[in-house]
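Participant: Sending over a structure as C-alpha cells; questions will come in a sec.
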Amino acid sequence: METTTVALIGGGLIGYSWAAIFARAGCHVRIYDASEEQRERLPELLKAQLEELESVGLAEDAAGAFARISVSESMAVAIEGADHVQENGPERLEVKQELLKEVDSLADAAATIASSTSALLPSALSERLAGRHRFLVAHPVNPPHLIPVVELCPAPWTEEGAMEKVRALMQAIGQKPLVMKREIDGFILNRLQGALLREAFSLVDQDYARVEDVDAAVSDGLGLRWSFMGPFETIDLNAPDGLADYGRRYREMYAKMAGSEAKPWSDDLLAKAETQRREILPAGKLPDRQRWRDARLQALALHKRDQDDRER
C-alpha cells in the first residue's frame with residue numbers, strides 16, 4: 001500500500017492496538033497520549049505486542065513495524081502532516097468534543113479524522129467542528145489487532161469522499177470496514193450484541209436456564225456458524241431455496257417469541273434481504289456454499305477439540 005502517515009491521539013488499550021495494526025501494514029504511526037507516564041510506557045507495550053503478533057504469524061516483521069512508530073511529546077507534533085487522525089480519548093462527550101476541536105484545528109485540510117467511540121454519535125461529536133465534513137466514527141472491536149471489524153458511521157454532514165478514504169485505508173491495513181448509511185445509537189455491532197444480551201439476561205432472570213447453558217448455546221451452537229457467517233448468510237443456507245424461503249417458513253415463530261407487539265417479517269422486507277443476498281451469492285450456488293459451510297464447521301470442530309485437549 002502507498003505509505004500513509006497516521007496520528008493516534010490517545011495511547012491506551014485501543015490506541016496502542018491501533019498502532020500495531022497500522023504499523024504492521026506499513027504505515028508510519030505517531031502516537032500521543034496526554035499522560036507522560038503512558039507515553040513512557042508505550043514503547044515497551046508496543047514492542048511486546050508486535051513481537052507476540054509475529055510469534056503467532058499475525059505480523060511479518062515486528063522490528064520493522066516497531067521502527068515505523070514514534071511516540072510524540074505533543075498533539076501538534078503527532079498530527080502534523082498526517083493523512084489520517086484516529087482519536088481514542090475517554091468515552092465522555094464533552095471531553096471528546098474538546099479534544100476533537102483541537103485535532104481539527106491542527107490537522108491538514110486533506111486529512112480525515114475519526115473517533116474510536118463505541119457509543120457516541122458522530123453528529124454530537126462533530127457538530128461544532130469547522131472541518132466536520134471530514135469527520136466520522138471508526139469504531140473498532142476490542143482488541144482491534146485481533147478482531148478486524150471496524151464500524152464506519154457518518155454524521156449527516158460527513159462527505160462521501162471522507163467515508164471512502166477511510167474505508168479504503170481500513171481495507172488496506174487488513175481490517176474489515178462496515179460502512180453504515182447513517183447514524184443510530186449502538187451502530188451495528190452493539191445493537192446486535194445488545195439484542196442477544198437482553199434475551200440472555202431474560203432467560204436467566206425468568207429462571208428458564210442457567211448462565212453456563214445460555215453461554216454454551218452461543219459458544220457451542222450459534223457462535224460456531226457466526227464465527228465465519230453472519231445471520232443473513234446463516235439463514236440463507238438453512239432453507240432449500242434460501243433466505244426468503246427461510247423467512248416465510250419461520251417468521252411467525254420468531255414473531256411469537258419476540259412478544260405480542262412484534263410483527264412477522266413482511267414480504268417486502270424478505271424480498272429486500274433476498275435481493276441483497278442474491279447479489280452476493282446466486283441461487284444456483286447455494287449447494288456449493290452449503291458444502292463450504294460444512295467444511296468450515298468441520299475444521300472449526302477439529303480446532304476446538306485440539307485447543308480443549310491442550311488445556312486439559
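The values are calculated or read from the model by the stated rules, or taken from the named source; none is laboratory data. Model, not experiment: these values are computed from the prediction. FYI the Cβ positions are ideal-geometry reconstructions off the backbone, even for glycines, and counts take in every protein chain you see.
Participant: Being in a helix (DSSP H, G or I), in contact (Cβ under 8 Å) with a residue 40 or more places away in the chain and under 12 Å from the mean Cα position of the chain (by Cα) is the filter here, so list the residues in segment 163-198 that pass it.
Facilitator: Step one: of segment 163-198, the residues in a helix (DSSP H, G or I) are 163-172, 189-198.
So of that shortlist, the ones also in contact (Cβ under 8 Å) with a residue 40 or more places away in the chain come out as 165-166, 169, 172, 189-190.
Residues satisfying the conditions are Leu189, Asn190.
Participant: With the condition being in contact (Cβ under 8 Å) with a residue 60 or more places away in the chain, I'd like the strands (runs of 3 or more DSSP E) fully within segment 9-112 carrying at least 3 qualifying residues.
Facilitator: Here the list reads 84-87.
Participant: Does segment 227-243 contain any residue that is in contact with an Asp or Glu (Cβ under 6 Å, 6 or more places away or on another chain) and of a type outside the set (A, V, I, L, M)?
Facilitator: Step one: filter segment 227-243 for residues in contact with an Asp or Glu (Cβ under 6 Å, 6 or more places away or on another chain), giving 239, 242-243.
Adding the requirement that they be of a type outside the set (A, V, I, L, M) leaves 242.
Yes; the residues of segment 227-243 include at least one that is in contact with an Asp or Glu (Cβ under 6 Å, 6 or more places away or on another chain) and of a type outside the set (A, V, I, L, M).
Participant: Can you tell me which residue within segment 1-30, out of those that are among the β-branched types (Val, Ile, Thr) and farther than 14 Å from Lys47 by Cα, is modelled with the lowest pLDDT?
Facilitator: My answer is Thr3.
Participant: A further question follows. Can you work out which of the residues in segment 40-53 that are under 22 Å from the mean Cα position of the chain (by Cα) and more than 18 Å from Gly10 (Cα to Cα) is surrounded by the fewest Cβ atoms within 10 Å (Cβ to Cβ)?
Facilitator: Filtering first and then ranking leaves Glu52.
Participant: Also: If Asn190 meets every condition in (1) assigned by TED's automatic domain parsing to the domain that holds Tyr16; (2) closer than 26 Å to Leu300 by Cα apart from one, which number is that one?
Facilitator: (1)
Participant: If I go through segment 129-162 residue by residue, how many of them are assigned to a strand (DSSP E or B) and surrounded by fewer than 17 Cβ atoms within 10 Å (Cβ to Cβ)?
Facilitator: So the answer is 1.
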